[in-house]
């Protein structure tokens, strides 16, 4: 495939290589893609050259354009607009490139071996045992799942880890609550619901009685020390919880390569403490063992062991880093959790450098943070009973989707199946359509809005392409297409967007930001809508119909590939 950005960067480099040390790679990063076709297919901004060349960006752009040797194989013309040099790709070349790549790739269009030989561990979802799988866990699950699929599509070897919250003081509380009132609750009928009631009740009692809180802490210490009663209860809570979680994962299509949660590392923590003691940085403070991180610019110390001898989240995460480095030999380890844990991971990543492992592993640690999902009334809390169960949300989305589908297409077959794809897809796309770091107010009307920039809009556009193609079967082969018939503005905009698909996926992995792909799919769907309004497809002369039909097929296939990488399923009819 011709790399247009690289060819343009080479043209610029030839002009400035004797007066600046800017590399070809840097020049490629400078190049932008204008939204308006009138400004060319690519633009090179000259603002960063102003300091080096001691001229205005507009003058630099004009001087470079006047003397630049044009790559006539791919460039049709060059224009200057202010501080930008605008490059226009030959329409026939762009069209041929996209079609040839699609003929070769088809359902694997945009796939790459870019990540071949590189290993990535993605830690995501990680719900807490014995607590509801609520809307707050959706973000980690779908962001992590999208990154898993996109990295894998680009050739990386991925290990997806569901680091279950199956350890910690909350289990001491749950054990205490169950021992006091267990006979009042039917865990077999509604395990998560009943365990949540116990958890809320014991929390209220802990607020009133410090002795009860201490008993809960003691229970967790007993669990760590191997107390049979505590272990038996913990195992039951875990098994019941996993059974309930799997129902949600089945609906979302989520899969994991490892289910090793916090408890898995319980026998691996002593080694962490031994290694930290050898580093000379582990000190005692008020009976606890800590690492002072002021020299690393972190004012809050990292607690490695509590004063009662029990472990912390940090200890378990450090044990996990050791285990994953040895087991998976990762190049990158991504932790997909809320931004509330930014300090925690800063501490853990800083302390990991004291474990004596290869610098490759500590450099590869990355916290992929995201904003919270909030109710209009504020933050959700399991202990306060204000969380929304994800299973209920997804079912409600499916129900609402079914009502809309029945109104729009009462004779549609497989309504249940289509409603599931549309409803669940709406929830997933809503979560992935905006920057992950932003907080999200959870609002039924917004999350299930089937108009505008939504998942159902992407799905509807795909279904429209399928409907058009049914009327022009058999579909022509790409090699038969007269590319000169796709030089109108709307066709070229579609081809330009399609050409950028692989670059879009690479950008997602560079920033660990799935919303880049979501916005891309919206741009493609909108561009197709404009194309469809301005260009008749069915009923045109044979060669023109074939060209436009083939472009329609391209759009549909890229929408399908992109949506599935996000975790959505595409219905064939709506």
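Values for this structure:
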quantity	calculated
Helical contribution to [θ] at 222 nm, DSSP H n ≥ 4, -39,500 (n - 2.57), averaged over the chain, rounded to 500	-17500 deg cm²/dmol
Antiparallel %, DSSP beta bridges [both residues in the stretch 119-374], to 5	30 percent
Alpha-carbon centroids, the stretch 260-325 and the stretch 1-53: separation in whole Å	48 Å
163, 367 arranged by Cβ crowding within 10 Å, fewest neighbours leading	367, 163
Mean Cα-pair separation over length for the chain, i.e. relative contact order, pairs under 8 Å, 6 or more apart, %	15 percent
Beta bridges by DSSP in the chain, antiparallel share as percent, to the nearest 5	50 percent
Long-range Cα-Cα pairs in the stretch 119-374 (distance over 29 Å), rounded percent	34 percent
Cα extents of the stretch 167-235 along the three principal axes, largest first (Å)	31, 28, 18
Point-to-point label distance, residue 544-residue 281, nm (Cα→Cβ direction, 7 Å offset)	7.0 nm
Bins of 10 Å from zero: percent of alpha-carbon pairs in the stretch 238-347	11, 37, 35, 13, 4
Within the stretch 242-390, percent of DSSP bridges classed antiparallel, to nearest 5	60 percent
Bins of 10 Å from zero: percent of alpha-carbon pairs in the stretch 185-315	10, 28, 32, 23, 7, 0
Degrees, to the nearest 10: 515-534 long Cα axis against longest axis of the chain	40 degrees
Computed over the stretch 1-140: relative contact order in percent, which uses C-alpha pairs under 8 Å that are six or more apart	18 percent
P(r), alpha carbons of the chain - 20 Å bins starting at zero, rounded %	18, 44, 29, 9, 0
Range of Cα positions in the stretch 74-226 per principal axis (Å), largest first	79, 39, 31
Mean projected area (nm²) of the alpha-carbon convex hull when the stretch 4-89 is viewed from all directions	4.9 nm²
Rounded tilt (10° steps) of 57-67 against the dominant C-alpha axis of the chain	50 degrees
Residue-span extension gain [residue 296 to residue 106] - 0.36 nm each, minus C-alpha spacing	63.4 nm
Relative intensity, log₁₀ I(q)/I(0), of the stretch 285-413 from a Debye sum that treats every alpha carbon as a point, q = 0.13, 0.17 Å⁻¹	-0.74, -1.00
Residue 79-residue 37 pseudo-label distance in nm [points 7 Å out on the Cα-to-Cβ vector]	1.3 nm
Rounded to whole Å, sorted largest first: equivalent-ellipsoid semi-axes of the stretch 11-161, Cα gyration tensor	42, 21, 16
Acute angle (nearest 10 degrees) that the helix 191-208 long axis makes with the longest principal axis of the chain, alpha-carbon atoms	60 degrees
The stretch 255-330: relative contact order in percent, alpha carbon pairs under 8 Å with at least 6 residues between	26 percent
Stokes-Einstein translational diffusion, the stretch 132-183 - Kirkwood Rh over all Cα pairs, 0.890 mPa s, 25 °C, in µm²/s	175 µm²/s
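Readers should treat all values here as calculations from the given coordinates under stated rules, not as data from a laboratory. Note that this is a predicted model, so its numbers are computed, not measured. Here Cβ is always computed from backbone atoms with ideal geometry, including for glycine, and neighbour counts include all displayed protein chains.
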